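The values are calculated or read from the model by the stated rules, or taken from the named source; none is laboratory data. Since the model is a prediction, treat every value here as computed from it, not as a measurement. Here Cβ is always computed from backbone atoms with ideal geometry, including for glycine, and neighbour counts include all displayed protein chains.
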Amino acid sequence: MPVSVRKIQLWRMEVENKPGVLAGILEPLAGARADLQVVMGYRYPGSEGKAAIELYPVTGKKSTEAAKAAGLQAAAIPTLLVEGDNKPGVGHAIAQAMAGAGINIDFLVGQVIGRKYSAVIGFDSEEDARKAVPRIKKAAGPRK
């Protein structure tokens, strides 16, 4: 599988960090049969009472209405979804390509399932995200 890099729209909200919040936010989306590929929930370091929930994709009328009803909104964070065949060093190669181009990564969440990997990468600006695409493709592509 060649590496795939595409811009995505995260939906996000800040929440109180307490048990059951994530389940409550996901409930209307499950009821709308939203097929989520990414769900991230995390507490803010140094602020134990605050957290954020981010997810993707929110598409279609029912899912969009459910997301809005849950309190989510489209995030302004320029974000890329990167998918491809896993190989040793691919994460380092991507990070090095960003560093070499002076592109700051706001966040990166990656995982490997079987022989495939996926990563969600957030950037400071749309320009940085655009500059990152060819660099990620080159860094994560076939080794020569």
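Give the residue, chosen from VAL5, VAL39, that is at pLDDT 95 or above, crowded, with 16+ Cβ neighbours inside 10 Å, β-branched (Val, Ile, Thr) and within 18 Å of the chain's Cα centre (by Cα).
Criteria check complete, one pass: VAL5.
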So ILE103, is it on the phi < 0 side of the Ramachandran plot and surrounded by fewer than 14 Cβ atoms within 10 Å (Cβ to Cβ): no
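Answer yes if at least one residue in region 24-36 is part of a strand (DSSP E or B) and farther than 30 Å from ALA140 by Cα, and no otherwise.
Residues of region 24-36 that are part of a strand (DSSP E or B), as a first pass: none.
Among the residues of region 24-36, not one is part of a strand (DSSP E or B) and farther than 30 Å from ALA140 by Cα, which makes the answer no.
Go through GLY84, GLY110, GLY91, GLY122 for me and flag whichever is farther than 23 Å from VAL58 by Cβ, assigned to a strand (DSSP E or B) and touching a Phe, Trp or Tyr at 6+ places or on another chain (Cβ under 9 Å).
Working: GLY110 fails: farther than 23 Å from VAL58 by Cβ; GLY91 fails: assigned to a strand (DSSP E or B); GLY122 fails: farther than 23 Å from VAL58 by Cβ.
Matching residue, one of GLY84, GLY110, GLY91, GLY122: GLY84.
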Candidate set: region 51-64, residues that are over 15 Å from ILE25 (Cβ atoms) and outside any helix (DSSP H, G or I); chosen: the one modelled with the highest pLDDT: PRO57
Qualifying residue in region 63-81 (condition: farther than 30 Å from PRO19 by Cα and buried (at least 19 other Cβ atoms within 10 Å of the Cβ)): no
Selection within region 42-59 - in contact (Cβ under 8 Å) with a residue 24 or more places away in the chain, of a type outside the set (Val, Ile, Thr) and either closer than 15 Å to LEU10 by Cα or buried (at least 17 other Cβ atoms within 10 Å of the Cβ) (or both): ALA51, ALA52, GLU54, LEU55, TYR56, PRO57
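Based on what the data block shows, is ALA97 in contact with a helix residue (DSSP H, G or I) (Cβ under 6 Å, 6 or more places away or on another chain), at pLDDT below 95 and surrounded by 15 or more Cβ atoms within 10 Å (Cβ to Cβ)? Working first, answer last.
Working: in contact with a helix residue (DSSP H, G or I) (Cβ under 6 Å, 6 or more places away or on another chain): yes; at pLDDT below 95: no; surrounded by 15 or more Cβ atoms within 10 Å (Cβ to Cβ): yes.
In short, no.
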Residue match in region 121-130 (condition: of a type in the set (Ser, Thr, Tyr) and closer than 25 Å to LEU22 by Cα): no
Meets criteria (modelled with pLDDT under 95 and assigned by TED's automatic domain parsing to the domain that holds GLU27) for GLY91: no
